[in-house]
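See structure below.
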Amino acid sequence: MIGWLADEWRGSAKFPDAQCANAFIMSPILGIFDAYYKTACYKPSCYKPSYHKSAYHKPAYHKASCHPAIPLKTLMIPTDPALTICARGLSRRFGTHIAVKALDLDVRRGEVLGLLGPNGAGKTTTMQMLTGNLAPSAGEIRICDIDLLEKPTQAKARIGYLPETPPLYRELNVREYLDLAARLHRVPKAGRAAAVASAMARCGLTDTGRKLIGTLSKGYQQRVGIAQAIVHEPDVIILDEPTVGLDPNQILDIRALIRELGSKHSVILSTHILPEVEAVCDRVQIMHHGEVVFSNTIAGLRDLQRGRTVTISLHRPPDIHALRAIAGVAGVEAAGEGRFNIQFAPDSDPSEALVATAGANDWGLYQLTPAHSSLEDVFVQLTRQVEPS
Amino acid sequence: MIFTIAGKELRTLFTSPLAWLVLTVVQVVLGYGFLKRLDDFLQVQSQLAQMASPPGITELVAAPTYATAAAMLLFAVPLLAMRMIAEERRNQTLTLLLSAPVSMSEIVLGKFAGLMSFLLIIVLLVLAMPLLLMTGTRLDFGLLAGLTLALLLLAASFSAVGLYASSLTAQPMAAALLGFGMLLAMLFMGETAGDSLRARGWQVPAAFAQVFSPLKNFEPLGRGIIDSYAIACSLLLTAAFLILAIRRLDGRRLRG
């Protein structure tokens with residue numbers, strides 16, 4: 001309890017004007033509760049992941065992070081100051097069902113990470129763990145080098161979270177609600193009004209400040225949800241499907257906002273919409289059955305997949321062998337009505353040769369399009385391929 | 001943080017019709033009861049004057065009003081408490097508090113403080129009625145203070161039980177019924193168990209049973225006796241159920 005009091009004292013020293021009186025009066029009372037509560041609940045055996053549980057001894061789990069022989073502290077957590085979120089060996093079970101398996105995740109400042117995956121892949125569970133809403137069964141999370149499980153209060157102050165269902169009090173108006181969110185996130189009294197005003201301006205809510213949240217449309221409610229997540233200028237912003245239920249214009253607005261947020265903060269967002277990831281994210285991780293099956297930067301993805309396949313449409317198609325003969329073409333597949341899907345050999349781009357040959361032989365080339373977005377290719381391939389047999 | 005959460009609870013409580021309805025119904029019922037008792041008192045006043053040490057107006061009018069108020073709280077508190085956790089969980093707004101840099105103890109204590117400040121309004125309205133009699137007669141202020149303290153302690157233990165019931169389920173109606181059921185069970189069982197244990201001469205279990213008997217702890221103070229054991233029991237019951245509620249909410253985070 002004395003340790004707790006000291007913690008509280010230090011905490012209040014950090015926010016001198018607002019928290020001092022509160023901490024002073026409430027410390028003894030809270031101390032009693034927290035002292036009890038720590039001995040009862042925060043015991044390492046119950047708070048820290050249980051490595052020795054037999055469910056984790058399946059072969060797939062023999063990663064360093066989950067191995068019983070290696071204590072948690074010896075895990076190599078990089079201490080890069082730009083690293084805002086760092087999760088290692090994150091796992092979560094619900095009974096016998098394993099929702100997330102040994103997930104590693106790093107996000108740097110100024111980076112937008114897209115978390116992709118089919119329904120039930122474990123994206124929401126991962127986000128709940130990263131925001132301290134759900135305790136992981138195993139693993140470690142550090143937010144700006146603060147252990148989320150050991151110092152939840154300090155770590156949570158640096159996170160803004162928009163859950164799948166925005167946590168809105170319908171009976172408050174927008175300004176009251178954002179003021180409450182700012183208070184809860186310990187924004188000092190002096191800067192609170194400015195913080196609320198700036199969050200409202202960034203989310204396009206300036207004219208709706210006095211409206212009750214319950215009367216707003218879905219799109220505006222979503223904006224209030226995002227405003228709530230950024231009002232305390234967190235280092236890490238976690239958005240669970242932020243553009244669901246919005247009209248196309250609002251989606252563009254929100255994407256622009258996320259890009260802007262991503263320049264100063266770290267953003268993790270989950271989504272089903274693949275073009276959204278390509279438009280907004282710097283990096284993408286695809287989850288499937290609770291595991292990360294793909295992780296790459298968007299730029300890397302483009303390089304990797306640049307022009308892999310194209311579809312060409314010809315008015316006067318030649319014999320298919322004539323197409324195969326072009327240098328750099330790995331395979332050709334006729335799709336009927338003069339259309340062909342052309343696969344390129346690795347590290348080559350015969351588009352130009354294709355166009356030149358078509359012109360020289362008067363094939364009547366009128367269309368040349370990349371067959372799929374590269375991300376879609378990867379997504380479909382990975383999430384179908386890893387299907388359990 | 002506790003005050004922030006308490007303020008938010010109070011504010012959202014007053015934006016719903018439920019809070020106003022509770023205040024209205026409680027006040028109408030208590031007002032009627034109070035006037036009826038006052039009327040009865042005025043009728044028997046001349047006979048009382050012939051007794052050696054007649055009971056005063058505080059004892060005959062104020063005390064029964066407080067007892068009625070205690071019974072009204074039994075219905076009102078579970079209804080008010082169901083909003084606090086169960087409804088927030090159903091509407092998924094609890095995430096705002098859980099993601100904020102606030103400990104689980106602060107969340108539960110904040111909600112408890114919010115509920116208690118609302119109940120304080122009811123207690124003050126109850127207190128206002130006997131105080132009105134000051135214009136015409138002399139009151140027993142010691143007894144009145146005891147009654148008010150007893151009602152506050154009762155409100156605190158009811159609130160703690162109500163909040164715990166509210167943390168058990170995400171269905172507000174189920175939470176209200178559960179809280180009401182738990183309170184009723186405690187009233188009956190605490191009463192009879194305590195009596196039968198004492199009748200068998202088992203003093204320690206009987207004393208233990210008194211912790212879970214809020215009305216039994218209400219009685220001595222309601223008669224103007226400062227019984228420190230009864231006060232300690234009330235506080236113990238309150239703290240026990242608040243800790244249970246905290247543990248329950250934290251268990252949801254740990255076990256999902």
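I'd like to verify a number: residues in segment B:203-232 that are at positive phi and assigned to a helix (DSSP H, G or I), how many?
0
Hey, among the residues in segment A:90-139 that are open to solvent by 20 Å² or more (accessible area, probe 1.4 Å) and out of contact with any strand residue (DSSP E or B) (no Cβ under 8 Å at 6 or more places or on another chain), which one's farthest from the other protein chains (Cβ to nearest Cβ)?
A:N119
Given the residues B:S105, B:S99, which is the only one that is touching an Asp or Glu at 6+ places or on another chain (Cβ under 8 Å), at the interface with chain A (Cβ under 10 Å from one of its Cβ atoms) and surrounded by 24 or more Cβ atoms within 10 Å (Cβ to Cβ)?
B:S105
Can you tell me how many residues in segment B:225-236 are open to solvent by less than 40 Å² (accessible area, probe 1.4 Å) and of a type outside the set (V, I, T)?
Number of matching residues: 3.
Here is a list: B:A86, B:A6. Which entry is more than 21 Å from B:F141 (Cα to Cα), within 14 Å of chain A (Cβ to nearest Cβ) and crowded, with 17+ Cβ neighbours inside 10 Å?
B:A6
Are there strands (runs of 3 or more DSSP E) fully within segment A:241-339 with at least 2 residues that are at pLDDT 80 or above and under 20 Å from the mean Cα position of the chain (by Cα)? List them.
Result: A:266-271, A:283-288, A:291-297.
Can you name the condition, by its number, that B:L149 falls short on among (1) under 26 Å from B:V61 (Cβ atoms); (2) not in a helix (DSSP H, G or I)?
(2)
How many residues does segment B:222-256 contain that are without any contact (Cβ under 8 Å) to a residue 12 or more places away in the chain, within 11 Å of another protein chain (Cβ to nearest Cβ) and among the aliphatic types (A, V, I, L, M)?
Qualifying residue count, segment B:222-256: 2.
Looking only at segment A:140-153, how many residues end up being facing another protein chain (nearest Cβ under 10 Å) and in contact (Cβ under 8 Å) with a residue 60 or more places away in the chain?
1
Being out of contact with any His (no Cβ under 9 Å at 6 or more places or on another chain), at pLDDT 90 or above, over 29 Å from B:R253 (Cβ atoms) and part of a helix (DSSP H, G or I) narrows it down to one residue among B:V28, B:V61, B:V44, B:V77; which is it?
The unique qualifying residue is B:V28.
Give the residue that is farthest from A:R108 (Cα to Cα), with candidates limited to residues of segment A:267-296 that are of a type in the set (A, V, I, L, M) and open to solvent by 40 Å² or more (accessible area, probe 1.4 Å).
A:I273
Under the condition of being surrounded by fewer than 23 Cβ atoms within 10 Å (Cβ to Cβ) and assigned to a helix (DSSP H, G or I), which residue from segment A:158-181 is farthest from the other protein chains (Cβ to nearest Cβ)?
Here the residue is A:R175.
Across segment A:212-243, which residue is farthest from A:L130 (Cα to Cα) among those that are open to solvent by 70 Å² or more (accessible area, probe 1.4 Å), within 14 Å of chain B (Cβ to nearest Cβ) and in contact (Cβ under 8 Å) with a residue 12 or more places away in the chain?
Checking each candidate, the answer is A:L212.
Can you tell me which residues in segment A:115-125 are among the hydroxyl-bearing types (S, T, Y) and out of contact with any Lys or Arg (no Cβ under 8 Å at 6 or more places or on another chain)?
A:T124
What number of residues within segment A:182-207 are open to solvent by 10 Å² or more (accessible area, probe 1.4 Å) and in a helix (DSSP H, G or I)?
14
Is it the case that some residue within segment B:23-36 is more than 26 Å from the chain's Cα centre (by Cα), open to solvent by 50 Å² or more (accessible area, probe 1.4 Å) and among the hydroxyl-bearing types (S, T, Y)?
no
The values are calculated or read from the model by the stated rules, or taken from the named source; none is laboratory data. Predicted model, so just to flag it, every value in this text is computed and none were measured. Methodologically, a virtual Cβ is constructed for each residue, glycine included, from the backbone with ideal geometry; neighbour enumeration extends over all protein chains shown. The area values use the complete protein model at the heavy-atom level, side chains included, leaving out ligands, DNA and RNA. Shrake-Rupley method; radii C 1.70, N 1.55, O 1.52, S 1.80 Å.
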